[in-house]
Amino acid sequence: MKNHEKLKDIKLSEIKDVENNFVRRRKNGVRYLTSERAYKEFGLNDPFMIVGERINPTGKKKLQAQLREDNLDMVCDFAQQQEASGAAVLDVNVGMDKGDRNAEKSISVIGG
């Protein structure tokens, strides 16, 4: 018997993890957008969700310079502009030569 033939008899509600706990399944049609600190649940029948993606130093020399100086004014401005324009979620990318330090600082400023 081939592996995929064995799988057809397994009921998804009966799948267990390595510690013998039942694996929780997501609700039918529900998707999750996650970050390290939060998640947003949405379904295929929910209204269209705008994702703001302007917070990115690529090709933005002024933003790059501000990030090097630990100045997050432009990051906050971009976040406010995108939220005012209807963004439900922000894709924040501030990684540069300083690594995650800028990203962690930005997230704390934007997220509260």
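Scan the stretch 41-95 for GluC sites (Glu not before Pro) in coil per DSSP, keeping those whose Cβ has at most 12 other Cβ atoms within 10 Å, and list them by number.
Here the GluC sites (Glu not before Pro) that fit, given the DSSP loop and packing criteria, are Glu69.
Loop-only trypsin sites (Lys or Arg not before Pro) in the stretch 47-79, please: DSSP not H, G, I, E or B, and at most 15 other Cβ atoms within 10 Å.
Lys60
Under a point spin-label approximation (7 Å from Cα along Cα-to-Cβ), what is the Lys61-Ala84 distance to one decimal in nm?
Each label point is offset 7 Å from its Cα along the Cβ direction, giving 2.7 nm.
Each value in this text was obtained by applying a stated rule to the coordinates, not by laboratory testing. Everything numeric here is computed off the predicted structure, so don't read it as measured data. Every residue, glycine as well, gets a Cβ built from its backbone with ideal geometry; the counts of neighbours run over all protein chains shown.
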